[in-house]
């Protein structure tokens, strides 16, 4: 890991951010259902540095392109199966609409 600002730790792989120690420090393991969670200045600085690093290094673009290519390849490899699933879903939808129409 690489030290950042003596208060947070950067991980070797950008996808692992924040580090486990920082995630615990920021309370990311403490699930609280709320609309607003306060963000510390330290967490904000780390997030901005992480985003800048991902952008400057080209990591996010490379990740996006790789993910896109993988998804396209998966769809092409499974075209027949997906077509069958689509047909099944369309039949299901048609039947649901029929049932709903009967209730009105």
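The values are calculated or read from the model by the stated rules, or taken from the named source; none is laboratory data. Values in this document were obtained by computation on a predicted structure and should not be read as measured data. Using ideal geometry, Cβ is built from the backbone for each residue, glycine included, and neighbour counts are taken over all protein chains shown.
Enumerate the helices (runs of 4 or more DSSP H) found wholly within the range 17-104, keeping only those where 1 or more residues are in contact with a strand residue (DSSP E or B) (Cβ under 6 Å, 6 or more places away or on another chain) and either modelled with pLDDT of 95 or more or surrounded by 10 or more Cβ atoms within 10 Å (Cβ to Cβ) (or both).
On the way: elements: 20-25, 41-57, 59-77, 79-103.
Answer list for the range 17-104: 20-25, 41-57.
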(request) Looking at (1) touching a helix residue (DSSP H, G or I) at 6+ places or on another chain (Cβ under 8 Å); (2) under 17 Å from residue 15 (Cβ atoms), find the lone condition where residue 64 falls short. (result) (1)
